[in-house]
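Comments concern the structure below.
Just so it is clear, none of the values below were taken in a lab; they were calculated from the coordinates. It should be emphasised that the depicted structure is a prediction, and the values quoted were computed from it without experimental measurement. Glycine also receives a Cβ, built like all others from the backbone with ideal geometry; neighbour counts cover every protein chain displayed.
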Amino acid sequence: MTVAVERHRRDHAAPTGWAEARRLAHALATPLPAEDVPLAAAAGRILAAPVRAAVPVPGFDNSAMDGYAVRGPGPWRVVDRVLAGRTRAPAPLAERTAVEIATGAPVPAGADRVVPYEAADRRGDTVWAAPSDRRHIRHRGEYARPGRDLVPPGAPVTPPVAGLAASVGLDTLTVHARPRVRLVVSGNELVTAGRPGWGRVRDAIGPMLGPLLTSWGAELLDTRTVDDEPDRFAAAVAGSLADADVTVVCGASSVGPADGLHHALDLLGATVHVDGVACRPGHPQVLAQAGARWIIGLPGNPYAALVAALTLADPLLAALAGAAPSEPASAPLVGAPAPDERHTRILPVRYAADGLHPLPGGQPGWLGGAALADAFAVVPPGWRGDGPVAVLRPGR
Ligand SMILES: Nc1nc2c(c(=O)[nH]1)N[C@H]1C(S)=C(S)[C@@H](COP(=O)(O)OP(=O)(O)OC[C@H]3O[C@@H](n4cnc5c(N)ncnc54)[C@H](O)[C@@H]3O)O[C@H]1N2
Ligand code: MOO
């Protein structure tokens with residue numbers, strides 16, 4: 001009870017505005033150190049150093065078409081056939097000769113252009129073609145020279161970035177470490193499998209947040225369940241800090257006698273940056289820091305937990321991974337909710353031709369609306385149904 005009474009006093013502090021909470025969660029954190037990782041493992045990470053060409057691309061003058069490499073005015077006598085994959089240069093072309101050539105094969109020195117098959121007329125060993133300005137030759141280093149920076153630090157490693165890196169001779173990329181995250185799910189009432197008996201509640205947050213945090217770039221260390229006894233709960237949070245950059249706690253963030261997050265943060269001497277956010281649902285959310293470690297407290301109601309994760313976990317993980325804050329899209333909202341002067345409301349919505357339509361089933365304790373949602377509309381305080389609203393899409 002002492003815990004609850006202390007909390008009531010602190011709870012008079014004004015909550016942080018939703019947009020400000022989101023901004024703080026990104027602005028307060030600095031990126032984790034850089035590491036070199038193989039291309040296959042780099043997708044989704046954020047570059048800590050530029051992608052720098054190690055070799056010229058193309059690596060040698062080569063044909064952009066299947067056809068004939070020719071020299072001088074035609075007709076030309078076909079003297080050889082050059083396919084891709086050879087590692088020695090073909091013999092230089094003499095005047096009025098041609099080689100049959102494949103796309104990507106090295107063009108012999110002296111060739112003026114490549115005549116595609118479609119533009120060529122071959123009879124026996126002789127080939128004719130109309131004059132043309134199109135050369136169809138890709139020159140060594142025309143796309144990139146060694147040492148050229150192609151993608152800047154801070155950019156995400158998309159599949160094309162990985163492909164580009166391979167094309168310029170790289171096997172690894174220098175990226176920021178992934179934030180190591182642990183989920184601590186608390187509640188005496190929780191069960192983690194099967195049909196909950198009377199008085200029991202199935203944990204819905206662990207199965208939702210694990211994949212969500214991973215989609216935001218986290219390396220999920222594990223999910224731990226812990227009961228509500230304050231000292232055991234505090235020990236679980238303290239223990240998690242040993243190896244987790246971010247400990248996400250759910251179901252202990254409010255003001256009740258069993259809501260021990262603030263007690264745990266006091267014992268840790270943590271700095272609390274956000275304690276309550278002016279949004280519905282999801283107001284009992286916490287962002288705290290103990291040294292270089294971060295603690296996020298999410299409410300126990302599952303939809304409220306999702307909203308709070310969108311508010312604090314998404315931007316914090318982005319910042320630790322070295323990514324820019326995600327800029328929400330915006331779209332008109334059709335069917336205004338009742339005005340709320342003080343809170344930002346986060347609604348599950350479906351896209352339609354005329355805009356976003358709120359879905360039923362957005363109660364704090366129920367994921368029915370969220371499960372069918374295309375996205376989540378952010379309705380600012382005092383919104384009266386005019387103009388577009390910001391839209392969040394989990395799983396960027
Ligand atoms: N006097 C006040 N009471 C409450 C307030 C308040 O401001 N003043 N806020 C309410 C709001 S809003 C929320 S949200 C909850 C948040 O409470 P906690 O974060 O401390 O969470 P619990 O009390 O443990 O649980 C709340 C609710 O959610 C269920 N739950 C918890 N964990 C899970 C889980 N992993 N999966 C599914 N369901 C879960 C739990 O059984 C409770 O029903 O506080 C309100 N009270
Ligand atoms: O966070 Mo609570 O209702 O706002 O579920």
Checklist entry - What share of the DSSP beta bridges in the chain is antiparallel, in percent to the nearest 5? => result 65 percent
Item to check | For the chain, with +1 on Lys and Arg beta carbons and -1 on Asp and Glu, the positive-most of LEU220, LEU347, LEU83 along the dipole | outcome: LEU83
Item to check | Cα gyration tensor, region 329-392 - rounded (a/c under 1.5), prolate or oblate | outcome: oblate
Item to check | Pairwise FRET efficiency - GLU327 versus ALA64, Cβ, R0 = 25 Å, nearest 0.05 | outcome: 0.05
Checklist entry - region 133-171 to region 189-250: how many Å between their Cα centroids? => result 43 Å
Item to check | Amide H within-cut-off set for ALA111, under 5 Å, with H built and near neighbours excluded | outcome: LEU93
Checklist outcome for this item: Footprinting proxy, TRP366, TRP76: sorted fewest to most Cβ within 10 Å, the residues are TRP366, TRP76
Item to check | Per-residue HN-Hα couplings for region 46-60 [Karplus 6.51, -1.76, 1.60; θ = phi - 60°; Hz; x = Gly/Pro] | outcome: 10, 5, 9, 9, x, 6, 10, 5, 8, 9, x, 10, x, x, 7
Checklist entry - Taking the chain as a Gaussian network, where each spring joins two C-alpha atoms under 10 Å apart, which residue of GLY187, GLY154, GLY269 fluctuates the most? => result GLY269
Item to check | Mean Cα-pair separation over length for region 285-351, i.e. relative contact order, pairs under 8 Å, 6 or more apart, % | outcome: 17 percent
Checklist entry - Most exposed first by the Cβ proxy, i.e. fewest other Cβ within 10 Å, how do ASP374, ASP386, ASP314 rank? => result ASP386, ASP374, ASP314
Item to check | R0 of 56 Å, Cβ-Cβ distance THR103-TRP198: FRET efficiency to nearest 0.05 | outcome: 0.20
Checklist entry - What residue among HIS283, HIS263, HIS176 shows peak mean-square fluctuation when the chain is described by a Gaussian network model with Cα springs under 10 Å? => result HIS263
Checklist entry - Highest GNM mean-square fluctuation, the chain, Cα pairs closer than 10 Å: which of TYR303, TYR351, TYR143? => result TYR143
Checklist entry - Given the Cα-Cα distance of ARG232 and ALA91 and 0.36 nm per residue of separation, how much length would full extension add, in nm? => result 42.9 nm
Item to check | Distant-in-sequence amide H partners of VAL201 (H built 1.01 Å from N, under 5 Å) | outcome: LEU190, VAL191
Checklist entry - Could you list, bin by bin from short to long, the percent of Cα-Cα pairs of region 62-138 in 10 Å steps? => result 23, 61, 16, 0
Next on the checklist: For region 87-169, what does the relative contact order come out to in percent, with C-alpha contacts under 8 Å and a separation of six or more?
Outcome noted: 19 percent
Next on the checklist: Full-extension gain between LEU267 and ALA371, please, as 0.36 nm times their residue separation minus the C-alpha to C-alpha distance.
Outcome noted: 33.7 nm
Next on the checklist: To check you understand DSSP bridge types, tell me what percent of the beta bridges within region 62-138 (both residues inside) are antiparallel, rounded to 5.
Outcome noted: 75 percent
Checklist entry - From the backbone phi of region 149-157, what are the Karplus-calculated ³J(HN,Hα) couplings (6.51 cos²θ - 1.76 cosθ + 1.60, θ = phi - 60°) in whole Hz, Gly and Pro given as x? => result 7, 9, 9, x, x, x, 7, x, 7
Checklist entry - Got a sec to turn the phi values of region 378-392 into Karplus ³J(HN,Hα) couplings, 6.51 cos²θ - 1.76 cosθ + 1.60 with θ = phi - 60°, whole Hz, x for Gly and Pro? => result 9, 9, x, x, x, 5, 10, x, 10, x, x, 10, 6, 10, 9
Item to check | Residue-averaged [θ]222 nm for the chain, counting only DSSP H segments that reach four residues, each worth -39500 (n - 2.57) | outcome: -5500 deg cm²/dmol
Item to check | Approximate spin-label separation LEU83-ALA292, in nm, with each point projected 7 Å along Cα-to-Cβ | outcome: 5.5 nm
Item to check | Cα gyration tensor category, rounded, prolate or oblate, for region 196-288 with a/c compared to 1.5 | outcome: rounded
Checklist entry - Relative contact order of region 144-267: what whole-number percent is it, with Cα pairs under 8 angstrom and at least 6 residues apart? => result 28 percent
Next on the checklist: Suppose each label sits 7 Å from its Cα in the direction of the beta carbon; what would the ALA14-THR225 distance come out to in nanometres?
Outcome noted: 4.1 nm
Item to check | Check: region 148-285 dipole with +1 on Lys, Arg Cβ and -1 on Asp, Glu Cβ, in debye | outcome: 440 debye
Checklist entry - When every alpha-carbon pair in the chain is counted, what percent end up more than 29 Å apart? => result 57 percent
Checklist entry - Got a sec? How would TRP294, TRP383, TRP128 order by Cβ neighbour count within 10 Å, fewest to most? => result TRP128, TRP383, TRP294
Checklist outcome for this item: Everything considered on the Cα gyration tensor (a ≥ b ≥ c; rounded for a/c under 1.5, else prolate if a/b is larger than b/c, else oblate), region 261-396 must be described as prolate
Checklist outcome for this item: Residues whose built amide H sits under 5 Å from the amide H of LEU359, excluding neighbours closer than 5 in sequence, are VAL349, ARG350
